[in-house]
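Structure first, then comments.
What follows is calculated from the coordinates using simple rules that are stated; it is not laboratory data. As the structure is a prediction and not an experimental result, all values here were calculated from the model. No Cβ is skipped: glycine too gets one built from the backbone with ideal geometry, and neighbour counts run over all protein chains shown.
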Amino acid sequence: MAKDKAFDRVPVALTPWERFEEYLCARGMRKTAQRRILVEYVFNQHDHFDVDTLLARLPRRGQPRHVSRPTVYRTLGEFVDAGLLRKFELDGRSVYEHDYGYPQHDHLHCQRCQRLIEFQSDELLALRDRVAYAHHFRVSGHRLIVTGLCASCWEAPRRRGRRAARGS
């Protein structure tokens with residue numbers, strides 16, 4: 001799942017692992033090697049991913065640093081609870097993205113190629129705040145996913161159609 005724009009990270013006091021350690025300690029949970037490995041794999045690069053994508057990146061069973069499927073599912077839920085990741089549903093599957101140290105943003109989702117385009121809009125935030133004010137509502141955040149077709153996908157059929165028309 002590709003993204004178009006990388007936003008500047010928001011300054012944070014702790015690394016993702018340190019933040020997760022705080023979460024684990026506060027709940028009396030163990031700091032395991034598998035959790036550490038998942039923090040490294042997930043936060044080594046910024047992208048949107050689902051469980052299958054992450055599992056494909058991880059070492060296979062029998063290799064050093066292998067993490068089992070149940071541990072991946074459980075730990076991703078812990079990352080969400082710890083405020084490190086954000087989870088959302090796209091076409092019936094759970095998709096994850098970085099939340100900790102990453103600014104508020106929204107998405108355009110291409111239904112054909114599954115591309116996710118991240119964007120920020122001051123106008124959208126102003127509209128959100130005006131609507132909330134009119135309804136006496138205190139905003140703590142929002143998520144917007146606009147679905148449709150990206151330029152590559154909606155232009156491709158038009159180009160094929162022109163080529164076919166010239167060929168006849």
What do the square roots of 5 times the Cα gyration tensor eigenvalues come to for the chain, in whole Å, largest first, as semi-axes of the equivalent ellipsoid?
34, 26, 13
Just Phe137, Phe79, Phe20 to compare: in a GNM of the chain, with alpha carbon springs under 10 Å, which one fluctuates most?
Phe137
Per principal axis, descending, Cα span of region 11-101 in whole Å:
32, 30, 22
Paramagnetic label zone (point 7 Å from Cα along Cα-to-C-beta, Asp129; backbone N under 18 Å) in region 80-108:
103-106
Please give the calculated 222 nm ellipticity per residue for the chain, where each DSSP H segment of at least 4 residues contributes -39500 (n - 2.57) and the sum is spread over every residue; nearest 500 deg cm²/dmol?
-13500 deg cm²/dmol
Label point distance in nm, Arg65-Asp106, each placed 7 Å from Cα along Cα→Cβ:
3.8
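State to the nearest 20 debye the size of the charge dipole of the chain about its Cα centre, where the only charges are +1 on K and R beta carbons and -1 on D and E beta carbons.
That gives a dipole near 860 debye.
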Before anything else, pin down the relative contact order of the chain: Cα pairs under 8 Å, at least 6 apart, normalised by residue count, whole percent.
24
